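Reviewing the structure listed below.
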């Protein structure tokens, strides 16, 4: 009996990308256990440390490609843990600025000491890494454009 699920080569490639991404994420999650933080927390700490501008939960949500309410809840949990602090922006009272605390900086240092999963590309040649980065940039741009196209606007609804 033939397999009812037939994927074309693009769909099979997407599946390989998904499974590889899931395996890489799981390896990094296991690695971060010793640092006492989660993968989303590690991403927030990294972006707070490396950003050239103050970050809001909304900006963080765009950087991490998560819904704003998800990042707001994450920031609140991280604040309760003492990893970040939030402060109302005095110029724009409805904005909240997120900043790294000393404890958050220490957690970032701990997580950066665990780099085995992040350095998995050392198994590739420099040329392969360059090619992979070019491919990933193209796929990321295409995915972001697809998200924009698929996201409904409140103005798409008919009036009346």
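Brief remarks on what is shown
- Residue check for residue 132: surrounded by 11 or more Cβ atoms within 10 Å (Cβ to Cβ), closer than 25 Å to residue 74 by Cβ and modelled with pLDDT of 90 or more: no
- Taken as a whole, the condition of being farther than 19 Å from residue 21 by Cβ, out of contact with any strand residue (DSSP E or B) (no Cβ under 9 Å at 6 or more places or on another chain) and touching a residue at least 24 places away in the same chain (Cβ under 8 Å) applies to residue 74.
- Residues considered: 15, 53. Of these, the only one that is surrounded by fewer than 12 Cβ atoms within 10 Å (Cβ to Cβ), outside any helix (DSSP H, G or I) and not assigned by TED's automatic domain parsing to the domain that holds residue 135 is 53.
- Members of segment 1-47 that are over 24 Å from residue 139 (Cα atoms) and touching a helix residue (DSSP H, G or I) at 6+ places or on another chain (Cβ under 7 Å): 32, 35, 36, 37, 38, 41, 45
- Test result for residue 148, loosely packed, with under 14 Cβ neighbours inside 10 Å, without any contact (Cβ under 8 Å) to a residue 40 or more places away in the chain, under 21 Å from the mean Cα position of the chain (by Cα) and more than 29 Å from residue 36 (Cβ to Cβ): yes
- Residues being assigned to a strand (DSSP E or B) and surrounded by fewer than 17 Cβ atoms within 10 Å (Cβ to Cβ) are entirely absent from segment 26-48.
- Of the residues making up segment 80-88, one or more are under 16 Å from residue 40 (Cβ atoms), in contact with a strand residue (DSSP E or B) (Cβ under 9 Å, 6 or more places away or on another chain), at pLDDT 95 or above and surrounded by 13 or more Cβ atoms within 10 Å (Cβ to Cβ).
The values are calculated or read from the model by the stated rules, or taken from the named source; none is laboratory data. Note that the structure is predicted; figures quoted are calculated from it, not measured. Cβ sites come from the backbone with ideal geometry, for glycine too, and all protein chains shown count toward neighbours.
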